[in-house]
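Heads up, the thing below is written out as structure tokens.
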Amino acid sequence: MKVKMIVFLVILVIMGNVLKIFINEAGKPKVEIDESGLVYKKKKDGISHEKIDINKAEYEDFISTGFTKSQAEKLVKYKEFIGDVYSLEELPRIKGFGKSSIEKANNILYVSSDGEKTRNKHNINKLSEIELKLIGFNNKEIKKILTTLKKVKIRTNIELIDIIGEEKYSETEEMIKFSD
């Protein structure tokens, strides 16, 4: 009796796993990426939704997908300053890029997982308030940094960690340098 119960439970577990695989495969969207890696096509119910890779897109690509000239310029300038975009969650850092712009970006853009991404490094001692925001500092951290810079230069990562904390430093360290 116990053997039959164990065999029954094993068969039930196996059938559950097989069913789970079929359900997961049926629910996955069909994806196609063009040869340039720029356009990502997600097919759902016969409708193709094209998205472009923010890191490969240029001004004309942003314009052709529905961004205004101002939004396209801001995206290009952000990419030139920051380097590669790691996540669309960075876009609220862009001044004037509000809720509707972010929503549009989420519908039109994606960040490819292909290749290694790199960031541009900037001297912390020469950054403006807007540039500090682009790197990812919040208003409180920016105020602390700028207050410190009025008195002395920030020369090391230890000094910066004392100002903004270790967690924020680890988020921004690949974009920061202390001299030219």
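The values are calculated or read from the model by the stated rules, or taken from the named source; none is laboratory data. Please read these numbers as outputs of a predicted model, since none were measured by experiment. Glycine also receives a Cβ, built like all others from the backbone with ideal geometry; neighbour counts cover every protein chain displayed. Remember, those area values only see protein heavy atoms, side chains included, never the ligands or the DNA or RNA. Shrake-Rupley method; radii C 1.70, N 1.55, O 1.52, S 1.80 Å.
On the beta carbon distance between LYS140 and GLU89, with R0 = 25 Å, the FRET formula returns roughly 0.85. Segment 61-102 has equivalent-ellipsoid semi-axes of 15, 13, 9 Å, by the square roots of 5 times the alpha carbon gyration tensor eigenvalues, sorted largest first. Please give the FRET efficiency for TYR59 paired with LYS177, using the beta carbon to beta carbon distance and R0 = 30 Å, rounded to the nearest 0.05. With R0 = 30 Å, the Cβ-Cβ based efficiency is 0.60. Spin-label model, ILE21/GLU103: points 7 Å from Cα along the beta carbon direction are separated by 4.2 nm.
Could you name the aspartates and glutamates in cross-link range of LYS69, using Cα to Cα under 16 Å and dropping any fewer than eight places away on the same chain? The reachable aspartates and glutamates, counting only those whose Cα sits under 16 Å from LYS69, are GLU58, GLU60, ASP61.
Overall, the accessible surface of segment 61-180 at a probe of 1.4 angstrom is composed of carbon and sulfur to the extent of 49 percent. Taking 25 °C and 0.890 mPa s as conditions, segment 77-146 diffuses translationally at an estimated 185 µm²/s according to Stokes-Einstein applied to its Kirkwood radius (Cα pairs).
Counting Lys and Arg as +1 and Asp and Glu as -1 over every other residue whose Cβ lies under 11 Å from the Cβ of ASN139, the net charge comes to +2. Per the Debye formula on identical point scatterers at the alpha carbon atoms of segment 54-180, with no solvent, log10 I(q)/I(0) at q = 0.09, 0.14 Å⁻¹ is -0.28, -0.65. Here the gap between GLU50 and THR147, fully extended at 0.36 nm per residue and compared with their Cα-Cα distance, gives a gain of 30.4 nm.
Across segment 117-180, the fraction of Cα-Cα pairs farther apart than 16 Å, rounded to a whole number, is 35%. Per residue, segment 92-132 exposes 60 Å² of solvent-accessible protein surface, assessed with a 1.4 angstrom probe and all protein chains in place.
Taking Lys and Arg as +1 and Asp and Glu as -1, the other residues whose beta-carbon sits under 12 Å from that of LYS117 total -3.
Taking other residues whose beta carbon is less than 11 angstrom from the beta carbon of LYS153, and scoring Lys, Arg as +1 and Asp, Glu as -1, yields +3. Cross-link partners of LYS126 among aspartates and glutamates, defined as those whose alpha carbon lies under 18 angstrom from its own and excluding same-chain residues fewer than eight positions apart: GLU80, GLU141, GLU159, GLU173, GLU174, ASP180.
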